[in-house]
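**Student:** So that we are looking at the same thing, I have put the structure below in structure tokens.
The values are calculated or read from the model by the stated rules, or taken from the named source; none is laboratory data. Just so you know, these numbers come straight off a predicted model, no measurement behind them. No Cβ is skipped: glycine too gets one built from the backbone with ideal geometry, and neighbour counts run over all protein chains shown. What goes into the accessible areas is simple: the full protein's heavy atoms, side chains included, and nothing from ligands, DNA or RNA. Shrake-Rupley method; radii C 1.70, N 1.55, O 1.52, S 1.80 Å.
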Amino acid sequence: MSAVSRETQPPDGALTPPAPLSTPETARGVFASDRLALVERYAELLATEGVVRGLIGPREAPRLWDRHLLNSAVLAELVTEGATVCDIGTGAGLPGVVLAIARPDLTITLVEPLLRRTTFLSEVVNELGLAGVDVVRGRAEDLHGSVTYDVVTSRAVAPLTRLLGWSMPLVSPHGSLVAMKGQSVIEEITEAQHLLHSWRCGVPEVLELGTGVVDPPTTVVRVAWADPTQVDWPLASVARRRTSRRVRRGGESRGA
Ligand SMILES: C[S@@+](CC[C@H](N)C(=O)[O-])C[C@H]1O[C@@H](n2cnc3c(N)ncnc32)[C@H](O)[C@@H]1O
């Protein structure tokens, strides 16, 4: 029996109900009072349905607020009023659903290839009544050449070398990629130097967000275009050609 199943199943085999999640005081400074009930309900859905459906590990349930919800919510400080946001590889909705709850002024597209995750996301969006949120089942590359956004977010999706190719074709001329990263951020930037240059990106910024709200603060890398006047669709078609070559070679599968 694994450590996880020992934790979640008592000797008689009955499932242990998740401990009730208590809302930290810091959450009240991050979410407006009329949005707090929504994020509390989302936390509850993640800790129950999210765990049962294998979208989030059982060990994460007790630390949802610090490590997932508040950590994602602090991204809001980088997003301007009324912006369009695309969260690629959103999984169970991190950070996209949290941003949608914190910032009802935003228009948010949640992109995720796996069906059981998009099913959960659609249920969450409907239940919470999140206007202005679309759930798209697909890979980020599927949207290349058809739409761009002010901000393209991601968390735990891929190293920067791969994220650039997935995200930058979705970034509008004055927009940016905002990826949540861990301690490897500087190393990832170093490894991506040649790609940053060939994608004609500006110098990446490493930012620490949420000091005093989350400990440790959330580290993000933000990448904008070097010259917004030079951003054109050939960049997207290069990415499309690479994608279709991969698909012709058998590509990656889209499981449920
Ligand atoms: C480790 S999970 C992270 C999920 C979520 N962002 C989080 O922090 O909990 C990575 C997610 O990226 C998705 N993914 C992988 N490749 C992708 C692509 N090319 N476009 C969009 N999503 C992708 C996977 O299906 C998976 O849900």
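**Student:** Are there any pairs with C-beta distances below 8 angstrom linking a residue in region 175-190 that is under 16 Å from A224 (Cα atoms) and assigned to a strand (DSSP E or B) to a residue that is open to solvent by 40 Å² or more (accessible area, probe 1.4 Å) and within 15 Å of the ligand (Cβ to nearest atom), with the two at least 6 apart or on different chains, and if so which?
**Tutor:** If the second residue must be open to solvent by 40 Å² or more (accessible area, probe 1.4 Å) and within 15 Å of the ligand (Cβ to nearest atom), the pairs left are A179/R155; A179/V157; M180/R155; M180/A156.
**Student:** Still on this structure, please answer the following. Name the residues in region 109-132 that are of a type outside the set (D, E, K, R) and within 15 Å of R41 (Cβ to Cβ), would you?
**Tutor:** Within region 109-132, F120, L121, V124, V125, N126, L128, G129, L130 qualify.
**Student:** I108 is checked against (1) under 14 Å from the mean Cα position of the chain (by Cα); (2) away from the ligand (no atom under 13 Å from the Cβ); (3) without any contact (Cβ under 8 Å) to a residue 12 or more places away in the chain and fails just one. What number does that condition carry?
**Tutor:** With respect to (1) under 14 Å from the mean Cα position of the chain (by Cα); (2) away from the ligand (no atom under 13 Å from the Cβ); (3) without any contact (Cβ under 8 Å) to a residue 12 or more places away in the chain, I108 is out only on (3).
**Student:** Taking the criterion of being surrounded by fewer than 13 Cβ atoms within 10 Å (Cβ to Cβ), among the acidic types (D, E) and more than 17 Å from the chain's Cα centre (by Cα), would at least one residue in region 174-187 satisfy it?
**Tutor:** yes
**Student:** Moving to a separate point now. Mind checking whether some residue in region 88-100 is modelled with pLDDT of 95 or more and more than 13 Å from the ligand (Cβ to nearest atom)?
**Tutor:** Yes, region 88-100 contains at least one residue that is modelled with pLDDT of 95 or more and more than 13 Å from the ligand (Cβ to nearest atom).
**Student:** For V214, are the conditions met, namely being closer than 20 Å to L70 by Cα, within 16 Å of the ligand (Cβ to nearest atom) and in contact with a Lys or Arg (Cβ under 8 Å, 6 or more places away or on another chain)?
**Tutor:** Criteria not met by V214.
**Student:** From A37, A27, A76, which residue is within 24 Å of G212 (Cα to Cα), away from the ligand (no atom under 14 Å from the Cβ) and within 13 Å of the chain's Cα centre (by Cα)?
**Tutor:** Testing whether each residue is within 24 Å of G212 (Cα to Cα), away from the ligand (no atom under 14 Å from the Cβ) and within 13 Å of the chain's Cα centre (by Cα) leaves just A76.
**Student:** Of the conditions (1) within 16 Å of the ligand (Cβ to nearest atom); (2) within 23 Å of T107 (Cβ to Cβ); (3) in contact with a Pro (Cβ under 7 Å, 6 or more places away or on another chain), E188 fails just one. Which one is it?
**Tutor:** (2) is the only condition that E188 fails.
**Student:** Turning to a different aspect of this structure: Quick one: count up the residues across region 157-173 that are part of a strand (DSSP E or B) and surrounded by fewer than 19 Cβ atoms within 10 Å (Cβ to Cβ).
**Tutor:** Result for region 157-173: 2.
**Student:** Any residue at all in region 140-156 that's more than 8 Å from the ligand (Cβ to nearest atom), open to solvent by 20 Å² or more (accessible area, probe 1.4 Å) and among the basic types (K, R)?
**Tutor:** no
**Student:** Within region 75-91, work out how many residues are under 30 Å from E25 (Cβ atoms) and buried (at least 24 other Cβ atoms within 10 Å of the Cβ).
**Tutor:** 4
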